[in-house]
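The values are calculated or read from the model by the stated rules, or taken from the named source; none is laboratory data. Given the structure is predicted, the values throughout are model-derived calculations rather than measurements. Cβ: placed from backbone, ideal geometry, glycine included. Neighbour counts: every protein chain shown. To get the accessible areas, we keep the full protein, side chains included, count just its heavy atoms, and leave off ligands, DNA and RNA. Shrake-Rupley method; radii C 1.70, N 1.55, O 1.52, S 1.80 Å.
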Amino acid sequence: MTWTPELDELASRTALAHQMGGADKVKRQHDAGRLTVRERITRLVDDNSFHEVGALSGVGEYDAAGALQHVTPANCVFGRGRIDGRPVVVVGDDFTVRGGSADASISNKPLMAEDMAAEFRLPILRVIEGSGGGGSVKTIETKGASNLPGGIGGTRGFWRMTANLAEVPVVGLGLGSVAGLGAARLASSHYSVMTRQSAMFVAGPPLVARLGEVLDKQALGGADIQTRSGAIDEAVETEEEAFACARRFLSYLPSSVHGLPPVLPCDDDPARADESLMKAVPRNRRAVYKMRPIIESVVDAGSFFEMGRNFGRSIIAGLARLEGRPVLMLASDPYHYGGAWSPDTCQKVVRFVDLAETFHLPVVYLMDCPGFMIGAEAERTATIRHGVRAMAAMNQTSVPWCTVIVRNAFGVAGAAHQPAGRLSLRYAWLSAYWGSLPLEGGIEAAYRADIEAADDPKAKLLEIEARLNALRSPFRSAEKFWVEEIIDPRKTRSLLCDFSRLAEPLRTPGKATFSMRP
């Protein structure tokens with residue numbers, strides 16, 4: 001007696017599962033320029049590393065004798081694999097089976113994937129297409145009742161989807177039309193990427209049309225819409241590029257909050273001095289300059305990985321390495337509002353500072369901020385409320401922090417350049433310039449009586465401005481120890497690498513508490 005018949009049935013059922021929605025649905029997926037879920041997972045993880053869980057799940061059809069005739073597999077595929085040798089959990093939607101809708105899903109599969117990531121402390125990558133196991137009006141008929149959102153079992157699924165953000169790195173890949181629950185799963189991530197042919201929305205064009213907005217998928221939730229709104233971090237042309245982005249993002253992070261970011265070998269000289277930094281900032285304070293070349297110059301060569309480029313654009317955010325040690329990099333971009341903080345910028349700061357605190361990443365901030373945005377629009381959008389929320393996020397951090405004041409530091413947003421109430425390192429370039437508010441406009445308010453009483457008000461204004469500019473020299477601040485060090489810009493890399501060495505023993509595994517310090 002052997003178990004050969006059962007082994008043969010196992011092989012047969014596994015083969016049926018791998019047919020997914022059938023040859024015609026697979027062809028339709030390929031004809032649309034998209035891979036199937038199993039093809040995606042195979043290309044995302046290391047070769048031959050994927051171990052699938054629950055491949056046999058689905059709905060079977062049997063003849064009168066009880067013999068299996070056909071299986072419609074569940075439209076969720078998940079399991080464990082490796083990326084660059086490190087174990088991860090991957091869960092993906094099978095769009096070839098009812099477009100990923102709820103009436104073809106088994107809710108415990110994606111939930112188990114999330115639980116597995118949390119319990120084994122592994123990064124999770126969600127490959128999302130369709131509603132991600134979410135709603136379909138046909139579900140009412142197939143289930144015989146209307147689902148109550150967040151009902152039995154649903155609440156725990158929603159909880160775990162977001163709870164993992166405090167436990168493990170979460171990556172979302174939007175590789176098609178993503179709606180409803182799928183959109184929530186994609187946005188509920190530390191890093192999200194979509195292909196330009198994809199779209200994401202809370203509700204798709206047919207539902208939105210009922211509101212009188214007749215839009216196609218791209219106009220409603222295409223890549224440009226979602227990256228500019230901040231819902232998605234990155235848009236790429238191909239699925240292969242999306243996989244590469246996901247792998248690179250994970251390379252900077254620990255497998256969970258209970259580990260530390262990996263340190264890689266580095267052959268880039270920490271004392272490398274770039275002569276171009278002496279000319280990077282123009283003497284004319286009204287002139288803009290490019291911050292990204294400065295970032296590239298001071299971090300390990302080729303290590304800067306930018307995220308959220310199209311959102312909150314007066315702040316550049318990303319991951320980088322200093323002597324192989326990962327850091328979170330923030331940098332002002334004077335090409336957008338002169339580097340001033342808008343509400344979107346403040347939200348971006350909160351998100352990435354929280355990422356640093358969650359995964360024990362030291363923070364480097366290259367600052368050129370003339371303050372919060374001002375004017376009627378700034379007031380209408382509650383800029384100051386978003387601003388103090390960003391300040392609170394910074395003050396709640398415990399990770400090591402180093403700020404380099406490249407040019408401007410003014411007003412309340414100028415004060416938000418390092419955590420309050422604890423030690424951080426701070427350097428100022430020769431081009432640094434700061435104060436409670438810029439002289440422009442401030443002189444007229446503070447010295448109005450003197451200017452109006454002068455025989456030549458314009459000459460008086462210039463006289464006062466020249467006098468105050470002399471006092472505003474950063475060297476005057478250094479005399480009073482209001483700024484600790486003014487440096488040659490060419491020494492920036494060596495000082496930042498020194499900071500990363502000092503920060504190394506201070507990185508502490510464990511869950512972030514985000515408690516305010518006294």
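Among the residues of segment 261-276, write down those that are open to solvent by 60 Å² or more (accessible area, probe 1.4 Å), touching a residue at least 60 places away in the same chain (Cβ under 8 Å) and out of contact with any helix residue (DSSP H, G or I) (no Cβ under 6 Å at 6 or more places or on another chain).
Once the filter is applied, which keeps residues that are open to solvent by 60 Å² or more (accessible area, probe 1.4 Å), touching a residue at least 60 places away in the same chain (Cβ under 8 Å) and out of contact with any helix residue (DSSP H, G or I) (no Cβ under 6 Å at 6 or more places or on another chain), segment 261-276 yields Val263, Leu264, Glu275.
Name every residue in segment 382-429 that is within 11 Å of Cys369 (Cβ to Cβ) and of a type in the set (Ser, Thr, Tyr), in order of residue number.
Thr403
Quick check on this structure: which one of Asp488, Asp498 is within 16 Å of Val263 (Cα to Cα), modelled with pLDDT of 90 or more and more than 26 Å from the chain's Cα centre (by Cα)?
Unique residue meeting the criteria: Asp498.
Could you count how many residues in segment 43-59 are surrounded by fewer than 18 Cβ atoms within 10 Å (Cβ to Cβ), among the β-branched types (Val, Ile, Thr) and within 14 Å of Val90 (Cβ to Cβ)?
Total meeting the criteria: 1.
Inside segment 158-195, can you point out the residues that are open to solvent by less than 30 Å² (accessible area, probe 1.4 Å), of a type outside the set (Val, Ile, Thr) and over 27 Å from Gln218 (Cα atoms)?
Across segment 158-195, the qualifying residues are Arg160, Ala163, Asn164, Pro169.
Hey, can you tell me all the residues within segment 479-510 that are free of Cβ contacts under 8 Å to residues at least 40 places away in the same chain and of a type outside the set (Asp, Glu)?
Matches in segment 479-510: Lys480, Phe481, Trp482, Pro505.
Among the numbered conditions (1) modelled with pLDDT of 90 or more; (2) at negative phi; (3) part of a loop (DSSP other than H, G, I, E, B); (4) open to solvent by 40 Å² or more (accessible area, probe 1.4 Å), tell me where Pro518 comes up short.
(1)
Scan segment 306-322 residue by residue and report those that are under 14 Å from the mean Cα position of the chain (by Cα), in a strand (DSSP E or B) and touching a residue at least 24 places away in the same chain (Cβ under 8 Å).
The answer is Met307, Ile315, Ile316, Ala317, Leu319, Ala320.
Enumerate the pairs (first residue in segment 60-81 and open to solvent by 60 Å² or more (accessible area, probe 1.4 Å); second residue anywhere and of a type in the set (Asp, Glu) and part of a loop (DSSP other than H, G, I, E, B)) with beta-carbon separation below 8 Å, excluding pairs fewer than 6 apart on the same chain, so at least 6 apart or on different chains.
Cβ pairs passing all conditions: Gln69/Asp63.
Taking Val327, is it at pLDDT 95 or above and surrounded by 20 or more Cβ atoms within 10 Å (Cβ to Cβ)?
Here the answer is yes, as Val327 does meet what is asked.
Among the residues of segment 339-371, which ones are open to solvent by 10 Å² or more (accessible area, probe 1.4 Å) and either modelled with pLDDT under 95 or among the hydroxyl-bearing types (Ser, Thr, Tyr) (or both)?
Within segment 339-371, Ser342, Thr358, Pro370 qualify.
Would you kindly identify the helices (runs of 4 or more DSSP H) lying entirely within segment 1-78 that contain at least 3 residues that are more than 25 Å from Arg185 (Cα to Cα)?
Ranges flagged: 4-18, 23-31.
For Arg121, are the conditions met, namely being at pLDDT 90 or above, touching a Ser or Thr at 6+ places or on another chain (Cβ under 9 Å) and in a loop (DSSP other than H, G, I, E, B)?
yes
Identify all residues within segment 308-324 that are polar (S, T, N, Q) and open to solvent by 10 Å² or more (accessible area, probe 1.4 Å); write none if there are none.
Asn310
Among the residues of segment 209-235, count how many are among the aliphatic types (A, V, I, L, M), in contact (Cβ under 8 Å) with a residue 40 or more places away in the chain and open to solvent by 10 Å² or more (accessible area, probe 1.4 Å).
Matching residues across segment 209-235 total 2.
Taking the condition surrounded by fewer than 17 Cβ atoms within 10 Å (Cβ to Cβ), hydroxyl-bearing (Ser, Thr, Tyr) and under 26 Å from Ile124 (Cα atoms), does Thr14 pass?
yes
Would you please name the residue that is most open to solvent (accessible area, probe 1.4 Å), looking only at residues in segment 476-495 that are part of a helix (DSSP H, G or I) and within 21 Å of Met329 (Cβ to Cβ)?
Filtering segment 476-495 for residues that are part of a helix (DSSP H, G or I) and within 21 Å of Met329 (Cβ to Cβ), the one most open to solvent (accessible area, probe 1.4 Å) comes out as Lys491.
Answer with yes or no whether Thr397 is part of a loop (DSSP other than H, G, I, E, B) and crowded, with 19+ Cβ neighbours inside 10 Å.
Yes: the conditions hold for Thr397.
I'd like to check which helices (runs of 4 or more DSSP H) are fully inside segment 404-467 and have at least 1 residues that are open to solvent by 20 Å² or more (accessible area, probe 1.4 Å), acidic (Asp, Glu) and farther than 27 Å from Val298 by Cα.
So the answer is 439-446, 448-453.
Would you please name the residue that is most open to solvent (accessible area, probe 1.4 Å), looking only at residues in segment 143-157 that are small (Gly, Ala, Ser) and modelled with pLDDT under 80?
Checking each candidate, the answer is Ser146.
Tell me which residues, restricted to segment 496-511, are under 13 Å from Val327 (Cβ atoms) and in a helix (DSSP H, G or I).
Those that are under 13 Å from Val327 (Cβ atoms) and in a helix (DSSP H, G or I): Leu496, Cys497, Asp498, Phe499, Ser500, Arg501, Leu502, Ala503, Glu504, Leu506.
Exactly one of these conditions fails for His386: (1) within 25 Å of Ile232 (Cα to Cα); (2) outside any loop (DSSP other than H, G, I, E, B); (3) in contact with a helix residue (DSSP H, G or I) (Cβ under 6 Å, 6 or more places away or on another chain); (4) open to solvent by less than 30 Å² (accessible area, probe 1.4 Å). Give me its number.
The one condition His386 does not meet is (4).
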